[in-house]
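Taking it in order: structure first as structure tokens, then the write-up.
The values are calculated or read from the model by the stated rules, or taken from the named source; none is laboratory data. Since this is a predicted model, take the numbers as computed values, not measurements. Here the Cβ is made from the backbone with ideal geometry for all residues, glycine too, and neighbour counts use every protein chain on show. All accessible areas refer to the heavy atoms of the entire protein, side chains included, with ligands and DNA or RNA removed. Shrake-Rupley method; radii C 1.70, N 1.55, O 1.52, S 1.80 Å.
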Amino acid sequence: MIELFSANTPNGKKISIMLEEIGYNYKVTKVDINNGDQFKEDFKKISPFSKIPVIIDHKNDKTIFESGAILIYLAEKSGKFYNEKNRIEINQWLMAQVGYVGPMLGQHHQFHHYNPGKSKFGEERYFKISKRIYQELDEVLLKSKFLSGNDYTIADIATFPWIARHEWHDLGLKNYKNLTRWYDEISHREAVKRGFAFMNNNELIPKS
Ligand SMILES: N[C@@H](CCC(=O)N[C@@H](CS)C(=O)NCC(=O)O)C(=O)O
């Protein structure tokens with residue numbers, strides 16, 4: 001059984017979506033990051049930077065932090081969404097999500113959604129970067145069905161929950177035709193719907 005330490009955020013949802021996709025039995029342990037649970041001694045032992053998500057695979061006592069590392073672990077263990085022939089391409093897109101797409105859209109959330117009016121510079125900077133990211137993803141998805149080629153992979157699973165915050169981004173997802181096509185296709189997967197609602201059974205994926 002896998003124990004998922006998580007919160008209801010895009011990074012948290014990546015792992016519940018993957019667990020649903022591979023059909024594993026898992027238990028969610030909520031980490032209340034708004035009230036400082038992530039800084040508690042016990043949690044720091046399994047997450048040195050005090051971040052969710054983390055998993056413990058109780059079958060072999062393995063603890064893993066960092067969403068990209070967790071997705072790779074689950075993909076290798078299940079043999080799904082990480083085709084050996086395509087690993088370089090999948091790794092590129094997965095690393096780009098973890099190192100760029102997520103952190104930049106996350107800053108856009110901070111300045112534009114949570115704290116508007118506090119920093120004109122921050123708002124403009126991350127709005128512009130987020131717009132570039134949408135355009136760049138749209139260009140890639142003009143040429144290929146999914147981010148790393150024809151197959152749905154852990155790179156798509158990592159990126160999807162961030163684009164699912166598109167209403168906060170105020171960029172008009174529908175302006176990006178190929179990104180919308182990709183978003184709609186993933187939104188319709190039953191496992192994605194279940195994984196998205198892992199902390200709130202009534203939570204629906206925002207429409208494009
Ligand atoms: N690079 C990390 C980022 C994880 C992350 O930023 N988690 C946030 C929630 S989405 C968090 O735990 N924040 C709590 C804090 O920083 O205090 C990953 O991909 O797993």
### Task
Could you check how many residues of region 154-174 are without any contact (Cβ under 8 Å) to a residue 40 or more places away in the chain and farther than 25 Å from LEU74 by Cβ?
4
### Query
Taking interchain pairs and intrachain pairs at least six residues apart, which have beta carbon atoms under 7 angstrom, with the first residue in region 182-202 and of a type in the set (D, E, K, R) and the second surrounded by 15 or more Cβ atoms within 10 Å (Cβ to Cβ)?
ASP184/SER208; LYS193/ILE205; ARG194/GLU20
#### Entry: Conditions (1) near the ligand (Cβ under 10 Å from one of its atoms); (2) open to solvent by less than 80 Å² (accessible area, probe 1.4 Å): number failed by GLU89
(1)
### Query
Conditions: (1) more than 22 Å from GLU203 (Cβ to Cβ); (2) open to solvent by 60 Å² or more (accessible area, probe 1.4 Å); (3) modelled with pLDDT of 95 or more. TYR73 meets all but one. Number of the miss?
(2)
### Task
Might you let me know whether region 9-30 holds any residue that is open to solvent by 30 Å² or more (accessible area, probe 1.4 Å), near the ligand (Cβ under 10 Å from one of its atoms) and within 17 Å of SER187 (Cα to Cα)?
yes
### Message
For the structure I just gave you, tell me whether ILE129 is aliphatic (A, V, I, L, M), modelled with pLDDT of 95 or more and part of a loop (DSSP other than H, G, I, E, B).
### Response
no
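With the condition kept exactly as written, say whether any residue in region 39-52 is open to solvent by 60 Å² or more (accessible area, probe 1.4 Å) and in contact (Cβ under 8 Å) with a residue 24 or more places away in the chain. Let's see the steps before the verdict.
Narrowing region 39-52 to residues open to solvent by 60 Å² or more (accessible area, probe 1.4 Å): 39-42, 44-45, 48-49, 51.
This time we only want the ones that are in contact (Cβ under 8 Å) with a residue 24 or more places away in the chain, so: 51.
Within region 39-52 (the criterion being open to solvent by 60 Å² or more (accessible area, probe 1.4 Å) and in contact (Cβ under 8 Å) with a residue 24 or more places away in the chain), the answer is yes, since at least one residue qualifies.
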